[in-house]
Structure formats: structure tokens, C-alpha cells
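See below for the structure under consideration.
The values are calculated or read from the model by the stated rules, or taken from the named source; none is laboratory data. None of these values were measured; they are calculated from a predicted model. Every residue, glycine as well, gets a Cβ built from its backbone with ideal geometry; the counts of neighbours run over all protein chains shown.
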Amino acid sequence: MSNIVAIVGRPNVGKSTLFNRMIQRREAIVDATSGVTRDRHYGKSDWNGKEFSLIDTGGYVVGSDDIFEQEIDKQVELAIDEADAILFMVDVEAGVTGMDEDVAKLLRKVNKPVLLVVNKVDNSMREAQAVEFYSLGLGEYYTISGMNGSGTGELLDALIEALPDKPEEEENDLPRFAVVGRPNAGKSSFINALIGEERYIVTDIAGTTRDSIDTKYDRFGFEFNLVDTAGIRRKSKVKEDLEFYSVMRSVRAIEHCDVCLLVFDATRGFDGQVQNIFWLAERNHKGIVILVNKWDLVEKDNRTVKEFEQMIRKEIEPFTDVPIVFISAMTKQRIFKAIETAVEVYKNRSNRISTSKLNDVMLPIIENQPPPAYKGKYVKIKFCTQLPTKYPQFAFFCNLPQYLRDPYKRFLENKLREHFNFNGVPITIYFRKK
Ligand code: GDP
Ligand code: GDP
């Protein structure tokens, strides 16, 4: 489980500029392979071989110019609850502002690493100006220019140094399921319906409050761990239905699980916030089951299920090979089916296809429909293999990998899905030179 780092600070100090710089290298890779629009405020970064997740809290505020102070305070409180370390950014051009002082006041009480980052220090004259930020009472600060990158190396060194060492993951082979979704979608109701009574809880793995999120269940004849955000939920004072809130809440649980049960409220629609969580799971290579909850409230005829499915699949293109289960946490309708489906997706995610079988199936398909010529060059794919990783990744070896485009990649993915069962599981495809 990687550490979570949040960048906080008032609008226009340069949070997203730094965020982009820190995730740029990897982000470019992700986008090149998928062609899907992503949440631009959450990403993975690494420094000196240590990986962490980065969240730009400012990115989740709309109309950030006239943002209320109160709202920033809420974001900072959430970041304090959820992150392992906080980068508090201020702007040397503007100097110390009242809003900075308010945020500093919240952060002074925090019992986890807080790094004060003075941004827009583009030249040595501004270096001297930065001393005024000592008045925030947060001690040493780091001067950087998010724009030209100066000082960011030192900042990252200090950040990596400050991050807590994560304990090794509990290695049991049980599937880890995370119940995620927007506030009020019915996550706790679903979990309660599932658990029914306390006696189904086999072990409650002890630990600190924030990290003890795995609970082992033995239910419906399946054993699994539920990666629960409920324990964390109780801690926060923030109840608002902020987009930022559901993302922040989901990150840790998603990173820690094998399969996400994405609960959404059938009466509210599969909106942008639900989609953000969906893509968060997809980009983390997690299995996904979509649970359409509160199905008891929907007026139905014989077309309603089809219509819902079509509506959802349209929103999750091109990754549409995902199971959708219609449930009611209240009446307990199909909650067994939900778990059964999650177990199937878990199995699909660990599905390993032998190289000979894979080539027997894929090579004739490729021969029948070879990659189109690109800039007059013909690409010849010679063989393919599934990589020995926890989630499905495939390498196709060819003479000119750089000439293969996304549409052909999607074609190959679709064929893989047709012939093998990867329902609910993101697939990664690489083209390699041979
Ligand atoms: P956010 O609202 O905190 O995410 O701030 P942005 O990253 O959007 O930056 C706000 C403005 O400050 C933009 O016009 C940036 O180009 C500018 N900016 C960001 N970093 C620097 C920097 O290091 N130096 C200077 N001079 N400007 C910067
Ligand atoms: P959470 O914030 O995602 O954990 O959502 P809750 O489980 O607290 O549920 C939010 C509200 O929706 C509560 O008032 C629940 O009683 C209600 N609710 C949850 N599931 C269902 C359902 O399947 N049917 C109906 N009618 N109401 C539900």
C-alpha cells in the first residue's frame, strides 16, 4: 500500500503546476496507452524508487477564484484525516495571507508530516523574501519554482524521508473487496446487509485506527476480506457531498483491494463523481463490479434493466466489459449475487493464460486482420505473452512497436475479452520490439 500525499493551499499558489510536474512522466505513459479522459487531480508519483499517490486538493474546487475560506478549511481537514503527508503550498509573490494563516493554524496541530512549500521562488531575490513564512509557525520551509522545477528535487528528498514506512501487506490469499461510491449511495447499508449479524465477522485484524481497514468475512460460503472505509468515516467531521470527499475517501480503500464494489444510487444516475471513482479503480488495475443500488425505488418495466445497463456502459467506454448487478441494500435483494460476482471478477483478475494457448488464439486473428500500414510501414506481430504480474498485462512482440496505434490495441483487447474471461478486469497491453 503506497503512501498518500495531499497538496493543500489556497487557490492560485501553484498546486496544480507542481502536481503536474510530479506526475508528468507516469501520466504520459498512462494516457498514451488508454486514450481515456482521466481525473487530473489524482496520480501516482515516485522518487528514488519510493512510490506514493498524489492528490491535488485544489483540483476539486469549482470556481476557485471566489472560493469560500470555509471550503478550504474543509479540504484541509479531509486531507489531514486521509493523507499520510501534507504539502502546504504558499506563494512568495503574494506573501503571507490571512487564508494561509488559517490553514497553518489547522496544520500546526497535525501529528503527521507537513511540509511548507514556498512556491514561485523563480530567482534568488525571491529566496530572501521567503523568510516571512516562518511566521506561520510551521518551522523550516522549502522554496521551489513549480514552473521551472528548481528546488523540487530537495522537496521530494525531504518528502520521501518524511513518509512513514508502510507495513508489509498482510499476505493472506483471500480476495479483498472494497465497497466504494458517493456519499449516500448506500455503502454502509450494503455492508450491514451483508454482515447481517456480528457473528459473520471472523477476525478483526487489529492495528492503528487508520490502517485497520481489512476485516475477514465468511459469508455465503465465500471467505473474503472487506476493505472497509467505515472505520475511517467515523473520524471525519466533514459530511459535505464534495466531489473531493468521495475521491479522497476511496483512494486508500481502492489501492488496498483486489476488486471494487462500486455502489451507486439508481435514483441519482451514474454521474461524474461516480465515474471518477470508477476510473480511479480502473487506473489502479482493480477488478470492478457495478452495483446499482436502491433498485426497490425504481419504477420498472421489462426494458428498465437494459436501459440502465446501456446508460452505464456508455459512460464507461471503452472499458465496458464490467458486470452490473441490480441490488437493494434495504430489501437485501441480490446482495448474494453481488458477492458472487465479485468473487468471479477476482478469479478473472488472476486468470493466467499459457503462452501457447494465447498464441494459438491470437496469431490467426492478427494474421486475418493485421495492423494497418502506418506511414507506409507494415507492422508484423510475431508472438504474444501474458506477463507474470498480479493483474492481466500482455506483451505483443513486433518489429515496429512505435507504429501501432490505440485503435489496434483496442481491437486486440476486445479479441482477448472475446476468447478469455476478463469480465470486470482492466487489461494492459504493451507493444515490444522483437
Ligand atoms: P492552483 O490554483 O494552486 O492549482 O495554482 P496553479 O498551479 O493553477 O497556478 C496558478 C498560477 O501561478 C498560474 O498562472 C501558474 O502559471 C502560476 N505559477 C505556478 N507555479 C509558478 C512558479 O513557480 N512561478 C511563477 N512565477 N508562477 C507560477
Ligand atoms: P453511504 O453514505 O453510501 O454509506 O449510504 P447509507 O448506507 O448511509 O445510505 C444512505 C441512505 O440511503 C440511507 O437513508 C439508507 O437508508 C438509504 N438506502 C440505502 N440503500 C437503500 C436501498 O437499497 N433502498 C432504499 N430505498 N434506500 C436505501
Count, please, the residues in the range 330-363 that happen to be in contact with a helix residue (DSSP H, G or I) (Cβ under 6 Å, 6 or more places away or on another chain), at pLDDT below 95 and part of a helix (DSSP H, G or I).
1
Taking interchain pairs and intrachain pairs at least six residues apart, which have beta carbon atoms under 9 angstrom, with the first residue in the range 301-330 and more than 15 Å from residue 261 (Cα to Cα) and the second of a type in the set (A, V, I, L, M) and in a helix (DSSP H, G or I)?
315/274; 320/312; 330/193; 330/297
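Which residue, of 179, 103, 90, is within 22 Å of residue 248 (Cβ to Cβ), in contact with a Leu (Cβ under 6 Å, 6 or more places away or on another chain) and either touching a residue at least 40 places away in the same chain (Cβ under 8 Å) or part of a strand (DSSP E or B) (or both)? Working first, answer last.
Numbers: 103 fails: in contact with a Leu (Cβ under 6 Å, 6 or more places away or on another chain); 90 fails: in contact with a Leu (Cβ under 6 Å, 6 or more places away or on another chain).
Of the residues listed, the single one that is within 22 Å of residue 248 (Cβ to Cβ), in contact with a Leu (Cβ under 6 Å, 6 or more places away or on another chain) and either touching a residue at least 40 places away in the same chain (Cβ under 8 Å) or part of a strand (DSSP E or B) (or both) is 179.
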At pLDDT below 90, surrounded by 23 or more Cβ atoms within 10 Å (Cβ to Cβ) and touching a helix residue (DSSP H, G or I) at 6+ places or on another chain (Cβ under 9 Å) - does that describe any residue in the range 83-100?
yes
Output the number of the condition that residue 111 fails; it satisfies all remaining conditions of (1) part of a helix (DSSP H, G or I); (2) within 27 Å of the chain's Cα centre (by Cα).
(1)
Quick check, is residue 379 outside any strand (DSSP E or B), buried (at least 19 other Cβ atoms within 10 Å of the Cβ), without any contact (Cβ under 8 Å) to a residue 40 or more places away in the chain and not hydroxyl-bearing (Ser, Thr, Tyr)?
yes
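Please determine whether any residue of the range 153-163 is within 30 Å of residue 272 (Cα to Cα) and either at pLDDT 80 or above or crowded, with 18+ Cβ neighbours inside 10 Å (or both). Quick ask: steps written out before the conclusion?
Within the range 153-163, the subset within 30 Å of residue 272 (Cα to Cα) is none.
No, that holds for no residue.
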Between 404, 358, which is closer than 30 Å to residue 175 by Cβ, in contact with a Cys (Cβ under 8 Å, 6 or more places away or on another chain) and among the aliphatic types (A, V, I, L, M)?
358
